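See structure below.
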Amino acid sequence: MRSFISLLVFALLSGCVSQEVRERDGRIEAQMRAKYDLVAVGAFLKKVVADHPIYDGIRLSADIGDGWRFERIDPPARMRTGAWVLYDQKQEGDEFDLYFWTDHGSQITIQARRIARDQFELVRIKRDDIVELTSKTMPNHTTEPASPGRGGSS
């Protein structure tokens with residue numbers, strides 16, 4: 001009985017939070033749709049990818065959809081089309097990012113500036129890579145970065 005009551009309380013609280021989150025998401029999506037002509041953003045993205053098909057050895061994704069949908073990622077000001085995500089970090093000002101992740105852990109970001117609701121300019125393209133760092137515990141129980149050719153004893 002006790003676990004049933006706990007489950008019921010959790011379900012009720014989750015429902016309240018979910019409604020609150022859905023309302024917040026709806027407001028943010030409406031703000032982004034008002035700020036950006038998403039058809040024009042899609043055309044801009046397609047042009048940048050066509051003009052710069054390969055950046056730093058990585059082929060830019062041509063997976064660009066016809067429509068945009070709200071992408072629930074924190075912070076939440078993101079819209080998705082195909083593999084690409086429109087990210088308006090500050091939700092004020094005119095700078096925004098369009099990015100996608102490769103299968104190999106690289107993120108390609110198109111940084112752009114909004115000139116008007118339906119006009120944009122390319123600021124730059126950049127690449128970020130995820131590097132997995134490992135460590136090993138030394139005999140004196142301290143953790144030091146693992147490095148090739150370095151033994152575990154002094």
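The values are calculated or read from the model by the stated rules, or taken from the named source; none is laboratory data. Bear in mind that the values here come from a model prediction, so they are computed numbers and not experimental data. FYI the Cβ positions are ideal-geometry reconstructions off the backbone, even for glycines, and counts take in every protein chain you see.
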Among the residues of segment 59-110, write down those that are charged (D, E, K, R) and buried (at least 16 other Cβ atoms within 10 Å of the Cβ). Glu71, Arg78, Arg80, Asp88, Asp97
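What tally of residues in segment 83-109 results from selecting those that are farther than 17 Å from Asp37 by Cα and touching a Phe, Trp or Tyr at 6+ places or on another chain (Cβ under 8 Å)?
7
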Residues being at pLDDT below 95 and surrounded by 16 or more Cβ atoms within 10 Å (Cβ to Cβ): count how many of those fall in segment 111-127. 1
Residue list for segment 15-46, filter: among the hydroxyl-bearing types (Ser, Thr, Tyr) and assigned to a helix (DSSP H, G or I): Ser18
When residues of segment 21-51 are filtered for being within 17 Å of Arg113 (Cα to Cα) and of a type in the set (Val, Ile, Thr), how many remain? 4
